[in-house]
Amino acid sequence: ALVLLVLDTGARLGEVCSLTPDSLTLSTVRLTGKCGEREIPISPAIRRALLGVLPWKTILGHQLSYRGLQQRVRDLYRRAGIRHGGLHRLRHTFARLYIADGGDLFSLQRMLGHRALASTRIYAELDLRDVTAQHAKHSPALRLLTTHQTKEKEAQHGR
């Protein structure tokens, strides 16, 4: 549930460790940590998953501490066959996938709790495959050509 929380919100490790049941509302989570407090959206399914792991003090028999949670995530990575990683990698994954799926940099900045947009850009670097996919979705020239071709076909068929 906590891994899903990070993939859904980009929360930092310390913010996850400071969660309490009062941190959740119906549609948001209040995170407290490095940059103070912020409230950000949370998916309903992730909220339900979090409610299923109450009480917050222990997760799967481990004390919910910075180090304990970090170790638990590393164990999950190893079991999944991933050699290197931790919770912070999931934060980067959240940011990259958010941008790759069309999310904007400004809302991502707020969700990640960054004061400077330059910090957010580091998290949101896209590889060429991502940029190519975005280009295919949003190319103005392609949209104009597609619209023109559609109008030509309609004219040919007397529509």
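The values are calculated or read from the model by the stated rules, or taken from the named source; none is laboratory data. Since we're looking at a predicted model, the values are computed, not measured. Every residue, glycine among them, receives a Cβ derived from its backbone with ideal geometry; neighbour counts consider all protein chains shown. The protein model used for the area step is the full one, side chains on, heavy atoms only, and it has no ligands, DNA or RNA in it. Shrake-Rupley method; radii C 1.70, N 1.55, O 1.52, S 1.80 Å.
Dividing the summed helix terms, -39500 (n - 2.57) for each DSSP H run of n ≥ 4, by the number of residues in the chain produces a 222 nm estimate of -17000 deg cm²/dmol to the nearest 500. Net charge dipole, segment 11-154: roughly 500 debye, given to the nearest 20, about the Cα centre with Cβ charges of +1 for Lys and Arg and -1 for Asp and Glu.
When the chain is treated as a Gaussian network with alpha carbon springs shorter than 10 Å, the biggest mean-square fluctuation among Tyr98, Tyr123, Tyr77 belongs to Tyr77. What is the helix-to-structure angle for 87-100, meaning the angle in degrees between its Cα long axis and the longest Cα principal axis of the chain, kept from 0 to 90 and rounded to the nearest 10? Roughly 20 degrees between the two axes. Across the options Leu126, Gly103, Gln70, the greatest Cα extent toward the positive end of the charge dipole of the chain (unit charges at beta carbon of Lys, Arg, Asp, Glu) belongs to Gln70. Each part gets one Cα centre, and for segment 96-159 versus segment 1-57 those centres are 29 Å apart. Between helix 66-79 and the chain there is an angle of about 60 degrees, using the helix long axis and the longest principal axis of the Cα atoms.
Shape of segment 93-156 from the C-alpha gyration tensor: prolate (a/c of 1.5 or more and a/b above b/c, with a ≥ b ≥ c the square roots of its eigenvalues). Using a Gaussian network model of the chain whose springs link C-alpha atoms within less than 10 Å, name the residue from Ser65, Ser23, Ser139 with the highest mean-square fluctuation. Most flexible of the set in this elastic network: Ser139. Full extension of the chain segment joining Ile82 with Ala116 gains 9.1 nm, where the gain is 0.36 nm per residue of separation less the Cα-Cα distance. Size descriptors for segment 1-136, from the alpha-carbon set: Rg then Dmax equal 15.2, 47 Å.
Anyone know which of Leu142, Leu87, Leu105 comes out most mobile in the 10 Å Cα GNM of the chain? Taking springs between Cα atoms under 10 Å, the residue moving most is Leu142. Counting protein heavy atoms only, the chain has 58 percent of its accessible area on carbon and sulfur, 1.4 angstrom probe. Each Lys or Arg adds one and each Asp or Glu takes one away; over the other residues whose Cβ falls under 12 Å from the Cβ of Met111, this sums to 0.
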